[in-house]
Amino acid sequence: MLRTLLVKNFSVFEQATLTFGGLNVLHGDNGAGKTHLLKLLWTLLSAASVSPDQGEAALQRALHEGVVGAFGPLKGDPGRIARRQRGTALMSAQVSWFDGESLGFSNQTGRPDGVIQVFERPSAPLKRRAGVFAPTGAAQPRACA
């Protein structure tokens, strides 16, 4: 089960920590970032199924494809979902589970290569995905490899 989601300079969030337990419902005004959080969770949970045996590059690719696929026309640059501000910024996200495992990544905006850096990864692939529900009408994330 999910324990926390930490985000920094992601979408509309300068910095946020969400703590989960049991059934969780996100609610708020339009444009508050609810759907972006759900898409981010979907991306992280999908990427957590990548086995450590597949290597760092496979996890980076899964995160990159998940972010670009879930958030639409980013022109292949995950940094375009970063919170808008002057200059460059480090965007990061980290999800943790109650079993102590976690997965986190960052992306420096303005990098020409759009590389995602993994700074925390689970010791084993996530076998059972926790549910993330995106409401009808919201742009649905595409599956990542």
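Only the coordinates and a few stated rules stand behind these numbers; no lab work does. Because the structure is a prediction, the values reported are computed rather than measured. Here the Cβ positions follow ideal geometry from the backbone for every residue, glycine too, while neighbour counts run over all protein chains shown.
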Worksheet item: Listed highest first by mean packing, meaning other Cβ atoms within 10 Å per residue, what order do 38-48, 90-100 come in?
Response: 38-48, 90-100
Item to complete: With a point put 7 Å past each Cα toward its Cβ, work out how far S51 is from L18 in nm, to one decimal.
Response: 3.1 nm
Discussion item. List the residues, sorted by chain then number, that are 5 or more residues from A82 or on another chain and whose placed amide H is less than 5 Å from its amide H.
Written reply: S11
Worksheet item: What net charge is computed for the residues neighbouring R121, neighbours being all others with C-beta under 10 Å from the C-beta of R121, Lys and Arg scored +1, Asp and Glu -1?
Response: -3
Worksheet item: In segment 39-69, which residues have a backbone nitrogen under 15 Å from the label point lying 7 Å from K127's Cα in the Cα-to-Cβ direction?
Response: 49-52
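Tell me whether segment 2-120 comes out rounded, prolate or oblate; compute the Cα gyration tensor, take square roots of the eigenvalues as a ≥ b ≥ c, and use a/c under 1.5 as the rounded threshold.
oblate
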